[in-house]
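Where a number appears in this text, it was derived from the coordinates with a stated rule and is not lab data. Keep in mind that this is a model prediction, so the values were computed, not measured. All Cβ positions, glycine included, derive from the backbone under ideal geometry; neighbour counts span all protein chains shown.
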Amino acid sequence: MSSRTDHFLDRTHDPVIQSWVASANDPCTDFPPQNLPFGRFRLDGDPDWRIGVAIGDQVLDLRAAGLVDHADMHRLMALPRNARRALRQSLSDGFRRNSATQTPWENALHPAHAVVLGLPCRIGDYTDFYVGIHHATAVGKLFRPDNPLLPNYHWIPIGYHGRASTVFASGHNFKRPMGQLKSGDEQPRLAPTQRLDYEVELGVFIGQPNTAGEPIPMASAEDHVFGLALFNDWSARDVQAWEYQPLGPFLSKNFASTVSPWIVTMEALAPFRRPFARAESLPRPLPYLDSADNRARGAFDVELEVCLQTAAMRTAGQPAVRLARSNFADAAFWTVAQLVSHHTVNGCQLQPGDLFGTGTLSGPLPEEAGSLLELTHRGQHAIALPNGEIRTFIENGDCVELRGSCQRPGMRRIGFGPCAATVLPTPQCAA
Ligand code: CA
């Protein structure tokens, strides 16, 4: 284990750990015993959500295993960091091969395919950031070729308040939204969006709250973060272009966002930290957004992919095709800790279950774009799919799936699980 992360690692990260849950030892699983992400599930016919931990192709019911005495995810997320680490330790020890807990825990285990996975928690407030500097530059160029980044970008983590009620769990399909569209000199009209797009993002889930009026300093910012999940912040680009001035996006962004069901904890991500650096020519962050720890290890090395399966591909039994891949650390101009400190600098209160979207995480290369807006240059260059279909924006029946994983030599690979949704036609009566 390298010195850059040593003091964050403990025995739960040991890559040699094998589990009595056989599928957790498969090198391809997203959920080896080194991951241990939390989510919510329910059993067929039971309306109550339970807290689960993913292990291989199984889900452990945390209360049935005797590890908690409630099913309140917010309460679990709000645990102090030490208590979270202790719970992770108990899970890791209990899943180890030859553990004495095998027999009692086997009764608390359910095959993942036999349970319903929901949102990982009830989402309180949702804030959408814009940390992807290559995305911000590429999109800025489409509108302002000579001046793609506005002057505030290098100083402020740009964000706006979104809406939590239409953040859906993976697998929740949604109807193509209606909106006001306007082209050229014509009058605006109401119609189904013709420029439906995805945004490859990570979701940041808040755990411990702060008191209203009390900013969270950089030194303790990550104590307030429970973990990360995949996040597709669907966007209607034509609606957005007409409505966004002067107050920013509104209905173009709040019809659906898709989040993966498992929160990969900050503890699980510890081996995959990276230094956070900026080009010398760029301004240093203001002191309230800076710390030695953040510079040394504030970024996270998360590989991201976005895949598309059209209705025709699904009918023909063809798998989803990858449209782009990128990496959180390469894409982001601000770290998770900086988002927390900035969000609270004015005294804003964060609460367990609050969600931040990072913003679209496009890499520096054109083929690493995290949205179709960038990949197709605002719809000017269609993408050819292997089966002969073409796409500029998302069509009805298309399923968009995000994938995420962390790997590093000498450590066990961990993944984020599924984050997928299919776009359904707008109902006839609305169109
Ligand atoms: Ca977004």
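Could you tell me what fraction of 2.2 N^0.38 Å the Cα radius of gyration of region 1-90 comes to, as a two-decimal ratio? Can you show the working numbers first?
Values: Rg = 14.5 Å, N = 90, 2.2 N^0.38 = 12.2 Å.
Dividing the Cα radius of gyration by 2.2 N^0.38 Å gives 1.19.
Stick to the Cα atoms of region 105-231, pair each with every other, and give me the Kirkwood hydrodynamic radius in Å at one decimal.
On the way: mean 1/r = 0.0527 Å⁻¹.
Here the Kirkwood hydrodynamic radius works out to 19.0 Å.
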For region 206-299, the Cα-Cα pair-distance distribution in 5 Å bins from 0, as whole percents, is 3, 10, 13, 14, 13, 18, 19, 9, 1
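How do 25-38, 226-239, 248-261, 170-183 rank on mean C-beta neighbours within 10 Å, highest first? List each step's numbers first, then the result.
Working: 25-38: 20.4, 226-239: 26.1, 248-261: 22.7, 170-183: 17.4.
Output ranking for 25-38, 226-239, 248-261, 170-183: 226-239, 248-261, 25-38, 170-183.
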Taking the chain on its own, what percent of its Cα-Cα pair distances exceed 38 Å?
-> 20 percent
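Over the chain, what relative contact order in percent results from Cα pairs under 8 Å that are six or more residues apart? Working shown, then result.
Details: 1012 pairs, mean separation 94.5, N = 431.
In percent, rounded to a whole number, it is 22.
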Square roots of 5 times each gyration tensor eigenvalue, C-alpha, region 285-431, largest first, Å = 34, 20, 16
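Among the helices of the chain (complete DSSP H runs), which have Cα atoms covering no less than 30 Å along the helix axis and a Kyte-Doolittle mean of at least -1.0? Spell out each step's value before the answer.
Numbers: long enough: none.
Passing helices, by number: none.
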Amide H proximity to GLY363 below 5 Å, modelled H, separation 5+ or other chain, gives ASN327, GLU368, ALA369, GLY370
Could you state the per residue volume, in Å³, of the convex hull enclosing the Cα atoms of region 369-428?
-> 132 Å³
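With the alpha-carbon atoms as the only input, what is the per residue convex hull volume for region 154-204 in Å³?
Values: hull volume 8.9 nm³, N = 51.
Spelled out: Cα convex hull of region 154-204, divided by residues, is 174 Å³.
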Region 108-153 - Rg (one decimal) and Dmax (whole number), Cα, Å = 19.9, 59
Quotient of C-alpha Rg and 2.2 N^0.38 Å, computed over region 325-364 | 1.36
Along region 347-352, Karplus-curve 3J(HN,Hα) (6.51, -1.76, 1.60; θ = phi - 60°) to the nearest Hz, with x for Gly and Pro, reads x, 4, 8, 9, 10, x
Going residue by residue through region 317-324, the Karplus relation 6.51 cos²θ - 1.76 cosθ + 1.60 with θ = phi - 60° gives ³J(HN,Hα) values, rounded to whole Hz and with x marking Gly or Pro, of x, 8, x, 4, 10, 6, 8, 6
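Tell me, what are the semi-axes, in whole angstrom and largest first, of the equivalent ellipsoid of region 24-147 as set by the roots of 5 times the Cα gyration tensor eigenvalues?
Working: eigenvalues 254, 63, 50 Å².
After diagonalising the Cα gyration tensor, the semi-axes are 36, 18, 16 Å.
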Roughly speaking, what is the centre-to-centre gap between region 123-146 and region 249-314 when only Cα atoms are used, to the nearest Å?
-> 13 Å
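Would you mind calculating the relative contact order of region 39-144 from Cα pairs under 8 angstrom and at least 6 residues apart, reporting the percent as a whole number? Write down the numbers at each step before the final one.
Numbers: 103 pairs, mean separation 37.2, N = 106.
Here the relative contact order equals 35 percent.
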